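Report on the structure given below.
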Amino acid sequence: MSVSIDTGLDARSREDVAAGLSRLLADTYAVYLKTHGYHWNVRGPNFASLHALFMDQYTEMWNAIDDVAERIKALGATAPQGYRTFANLSGIQDGDPEQDAEGMLAELSKDHETLIRTARGVLPAAQAAGDEVTTSLLSDRLTAHEKHAWMLRASLGAR
Ligand SMILES: [Fe+2]
């Protein structure tokens, strides 16, 4: 049975915003997965604090993934799923579990910057459509990733 959606957001706008959110979902999933891996494999004198920092960050992203996917559903689109589908949608590279802690921190801080640009790139479509809910979600994601990037940079002694 087909039920049409009439929320004041036209179908084309909903599709555009959902496509952008799908890229954000894939990038977020990739950085979630890498951060969880680094939580396991990080080594060195700062192990305990980095192990905990990575857990805080991957837990935050794990919760956000569901919000992003469910926003795609509320817009009437299919939420992407599966490693191969995510890999095709995301530009985030897999991490190297053998690299040292500083390498992990530097790489993750850059990955969060990529996520920030991905989220910011969806904003114009959401704003043009008058999609306040997606705009608010994107604002929350920008806030979270800018904070994650700062904490990773600070752990390297940088601003
Ligand atoms: Fe753990």
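Calculated on C-alpha atoms, the gyration radius of the stretch 16-155 divided by its Kirkwood radius gives an Rg/Rh of 0.99.
Run the dipole for the stretch 87-131 about the Cα centre, Lys and Arg Cβ at +1, Asp and Glu Cβ at -1, nothing else charged, and hand back the magnitude in debye, nearest 20.
So the dipole magnitude of the stretch 87-131 works out to roughly 440 debye.
Arranged from fewest to most other beta-carbon atoms within 10 Å of their beta carbon, S155, S22 become S155, S22.
Annotation: the residues D27, D94, D56, sorted from fewest to most other C-beta atoms within 10 Å of their own C-beta, follow the order D94, D56, D27. Compared with the direct C-alpha span, the chain from L156 to D66 gains 29.4 nm at full extension, assuming 0.36 nm per residue.
Basic side chains Lys and Arg get +1 at the Cβ, acidic Asp and Glu get -1 at the Cβ, and with that the dipole of the stretch 16-155 about its Cα centre reaches some 160 debye. When we measure straight from the Cα of K147, which lysines land under 20 angstrom away, once same-chain ones fewer than 8 places off are left out? Straight-distance partners of K147: K34, K110.
Nearest 500 deg cm²/dmol is fine: what mean residue ellipticity at 222 nm does the chain get from its DSSP H runs of n ≥ 4 alone, each adding -39,500 (n - 2.57), divided by its residue count? Computed mean residue ellipticity for the chain: -26500 deg cm²/dmol.
Readers should treat all values here as calculations from the given coordinates under stated rules, not as data from a laboratory. Computed from a predicted model, the values in this text were never measured in an experiment. Backbone-built Cβ (ideal geometry, glycine too); neighbour counts: all protein chains shown.
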